[in-house]
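See below for the structure under consideration.
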Amino acid sequence: MIKKIINNKFWTGFPSWILIGAFVVLLPIFAFMTVQNIQRWDTYNTRLLLEKGTSLIRSFEAGTRTGILGDYIGSFHLHNLLTEIAIQPYVSYILITDTEKTIVAHNNPDYEGGTYNTDIDLKKVYQSDEIRWHIIKRPDKIKIFEVYKKFTPVGGIYGDGIIRKLFNPRYDIKNPRQSELIIFVGLDMTSAEQARVADTKHYIFTGIVLLLIGFAGVVLLFMTQSYRNTKASLSRIKVFSDHLVENMPIGLIAVDGNRRIASFNNAAGSILSLPFSGVMGKNIKEILPEGLLNLIDGNHNKSSAVEINIDCVLNNGEIIPLEVGVSILKDENGYFLGHIILFKDLSEVQSLRREIARSQRLASLGSLAAGVAHEIRNPLSSIKGLATYFMEHNEKEEDKEVAKIIIQEVDRLNRVVSQLVELARPVSVSKKPVPLKSVIENSIKLLEREALEKNIQITTHTPSEEIEIALDKDRITQVLLNLYLNAIESMGKGGKLSVDVSEKENGAVIKVSDTGSGIGKKDLALIFDPYFTTKSTGTGLGLAIVHNIIEAHDGKITVQSLPGKGTVFTVFLPGAKQNY
């Protein structure tokens, strides 16, 4: 499939105008080369035939000259010499005419005395020593390459009388024109034409082959360039897609047809607590939690994607809420390729939902508290006043003790009402730069005695460099005391309370941890809600007030706890600054 995609990409990126352009450019070049080769061959063939014809004429003239000088004119017969020379297979004829076109000699004696049918101006030919040629076509369509020139068998030292001896006695040697002779040699071009046709076909075939090779070379060059560009483009796309998958804010897992992990991004590893390097290529049964495996198996025969919210139990036993989408992967032909899983951790979303619900509850509580506080405090004031009067004007110790209890309970109710009012109204803070270490030390001093009585060890860890932060010292002290007291109450007799301070991301982090009884998982989501408490004597407002104070500082407070192992409250306060 990948190869097919690459091929489609390649031919898609290869423009058709290159093919047309290469053909348009190369065709005239190789056509010109082919025509040049054919013309070069014609020139060579013409020169060869001309040289043959010239050689025959020179030979005949030389033979004639030898016969004259040997003084055997009486036995010498011109047409015998013509016949001997014309016996060559490529010689069609040899003849001599005068300027009046009368055939003086011919290799076939039957033509002697006749008129040579030609359009050539023989008188003009005789006036020049130039060798000339032309091509004539016989009635039987055979081409003849005819070479002709002025016939000069002897030099100027011989007179006309000697030349006349060369001729047949039947000619009128008294006619002066009979000494003005032209020699013609006709060469059969049948073999040359056959060779020319064969060579022409060869040149055309060679030209076509060269054209195809050149065309293929140009196309191959552009194909190579296109391949390189396509490969580079695919590499960039792959890098981009890999980077995109790797940095997606949601988890992504791709499973191939063999149920093995084909792709796995960092978000998936972070959510499922799995190492990136240890999952690629592994079977999903070895890697994925049961909740995701069930979704894959349930979606195998479905064409549409499945979207569902589940509580996924990880391999380490942790339970996290997930929003999961599972879909089948298919190629363009509909063949099954595997599954793709997209999922998102809903822990933060659910936490925000709880915060919204809590805010809504607090808003309702605020409206209620404003009216209830006023209505309760007035009767409480009257009850406290009467109880005080009763205690002061009654001499019985038993009655005084009852009055004292009434006053204590009234004070406790007043504190509850005060906390309720404080919780209901917005928290006002007055921030000033304060050394955080001094705030921690002062808050611990307030409960050292109580911790000592319960045999609880307190340890603090603060940076060597002083951290200064803008905060409301009294409010943060109230927060810390609430956390300390809750920790001491959860430990009972004996235990360890630790306070750790560190700087992180331009802010300060305070961790308050204990070795107490811990908090159940179901209660963790409710501990910051008003009136929620696990203590029999608690009001359930302390941690709610702590939460409001930290929010007023634009900070954040979280809690981690395991039953029987203790609890850790983490407070983040922004705006930390180190003093060196």
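The values are calculated or read from the model by the stated rules, or taken from the named source; none is laboratory data. These numbers come from a predicted model, not from an experiment. In this analysis, Cβ positions are derived from the backbone assuming ideal geometry, glycine residues included, and neighbour counts consider all displayed protein chains.
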### Message
Take the residues in the range 445-481 that are touching a residue at least 40 places away in the same chain (Cβ under 8 Å), among the aliphatic types (A, V, I, L, M) and not in a helix (DSSP H, G or I); name whichever of them is nearest to E551 (Cα to Cα).
### Response
L471
### Query
Are there any pairs with C-beta distances below 8 angstrom linking a residue in the range 330-359 that is within 22 Å of N265 (Cα to Cα) and outside any loop (DSSP other than H, G, I, E, B) to a residue that is among the polar types (S, T, N, Q) and modelled with pLDDT under 80, with the two at least 6 apart or on different chains, and if so which?
H339/N299
### Query
Which condition number in (1) modelled with pLDDT of 80 or more; (2) surrounded by 15 or more Cβ atoms within 10 Å (Cβ to Cβ); (3) over 25 Å from V439 (Cβ atoms) is the one that D529 fails?
(1)
### Query
Of all residues in the range 439-491, which are of a type in the set (K, R) and within 19 Å of D514 (Cβ to Cβ)?
K445, R449, K454
### Message
Any residue in the range 121-136 that is free of Cβ contacts under 8 Å to residues at least 40 places away in the same chain and basic (K, R) sitting within a Cβ distance under 8 Å of a residue that is part of a strand (DSSP E or B) and surrounded by 10 or more Cβ atoms within 10 Å (Cβ to Cβ)? List the pairs, counting only those 6 or more apart or interchain.
### Response
R132/V147; R132/Y148; R132/K149
### Those residues of the range 332-352 which are over 16 Å from L288 (Cβ atoms) and either of a type in the set (A, V, I, L, M) or touching a Lys or Arg at 6+ places or on another chain (Cβ under 9 Å) (or both), in sequence order
E332, F336, L337, L346, V349, L352
### Message
Here's a check for you: in the range 488-499, which residue that is surrounded by fewer than 17 Cβ atoms within 10 Å (Cβ to Cβ) and either part of a strand (DSSP E or B) or on the phi > 0 side of the Ramachandran plot (or both) is modelled with the highest pLDDT?
### Response
K496
### Task
Give the residues of the range 445-486 that are charged (D, E, K, R) and under 19 Å from E505 (Cβ atoms), sorted by residue number.
E465, E466, E468
### Query
If we scan the range 480-487, do we find a residue that is out of contact with any strand residue (DSSP E or B) (no Cβ under 6 Å at 6 or more places or on another chain) and exposed (fewer than 12 other Cβ atoms within 10 Å of the Cβ)?
no
### Some residue of the range 504-520 being under 18 Å from H553 (Cα atoms), touching a residue at least 40 places away in the same chain (Cβ under 8 Å) and assigned to a loop (DSSP other than H, G, I, E, B)
yes
